[in-house]
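Down below is the structure, laid out as structure tokens.
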Amino acid sequence: MSERPRLTVLSGPSGVGKSTVVAHMRKEHPEVWLSVSATTRKPRPGEKHGVHYFFVSDEEMDKLIANGELLEWAEFAGNRYGTPRAAVLEHLESGVPVLLEIDLQGARQVRESMSEALLVFLAPPSWDELVRRLTGRGTEPPEVIERRLEAAKIELAAEPEFDVTLVNTSVEDVARELLALVEVV
Ligand code: ADP
Ligand code: 5GP
């Protein structure tokens, strides 16, 4: 039996740099497939439907959940997010390494349903730097930043649940470390 390629889950507090690191890695290594999640959050400027997320209504999200179409889903800071199951399984079956960029609650669900998954935690160099990055991104109003920082405290405390921790000091270094984890079968 041929070995299945690895399913890697990347989690970490909002603003730590997950999207930045993944985009950097995939620029050089587009062969790593990043799952596109469904979300009820509104698009940020520049975000495209079907590329960054599938932006769906509350009713559409209800249906995806009820029909069992999501591998995992969670509510995060007032919006729902979920991973379409079929695309993940199809890519794994056709030999493509799969990366999920999801929150802590989602990572826990994947650990339960797909025990072969590798769970990677992206940590900030410090709390102050996390606050600086989240605020500096300038994409959320202050009350949303507050909600995300509250969630960040819970996510940081869960770091020991993960298989590997990477500290996002340098985007280039972390992207290289993540690639090595994703591509090792
Ligand atoms: P996440 O996807 O985890 O919410 P982002 O990738 O949107 O986070 O990054 C949040 C902000 O931090 C962005 O403005 C990004 O440019 C910046 N950032 C990401 N990684 C680093 C890093 N290693 N050093 C400095 N700034 C970073
Ligand atoms: P953002 O709104 O900043 O794009 O994402 C907020 C949080 O939701 C991040 O921690 C991100 O990793 C997480 N997230 C994105 N997609 C999914 C998903 O499909 N499932 C879960 N559980 N979390 C997700």
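Give me the net charge for the shell around residue 99: Cβ to Cβ below 12 angstrom, other residues only, Lys and Arg +1, Asp and Glu -1. Once positives and negatives cancel, what remains is 0. Here the stretch 37-78 and the stretch 110-175 have alpha carbon centers that stand 20 Å from each other. Dipole size of the chain about its Cα centre, with +1 on Lys/Arg Cβ and -1 on Asp/Glu Cβ: approximately 420 debye, rounded to the nearest 20. Springs join every pair of Cα atoms under 10 Å in this Gaussian network model of the chain, and among 170, 57, 11 the largest mean-square fluctuation is at 170.
Since only 124, 49, 156 are under comparison, the one whose Cα sits farthest along the positive direction of the charge dipole of the chain, derived from C-beta charges on Lys, Arg, Asp and Glu, is 49. Largest mean-square fluctuation among 119, 130, 89, in a Gaussian network model of the chain whose springs join Cα atoms under 10 Å apart, belongs to 89. The lysines within cross-link reach of residue 63, meaning a Cα-to-Cα straight distance under 25 Å and a gap of 8 or more places when in the same chain, are 42, 48. For the chain, the normalised intensity computed at q = 0.15 Å⁻¹ comes to -0.90 (log10 of I(q)/I(0), Debye sum over alpha carbons, equal scatterers, no solvent).
Readers should treat all values here as calculations from the given coordinates under stated rules, not as data from a laboratory. Please read all numbers here as calculations on a predicted model, not as lab measurements. So basically every Cβ, Gly included, is an ideal-geometry build from the backbone, and we count neighbours across all protein chains shown.
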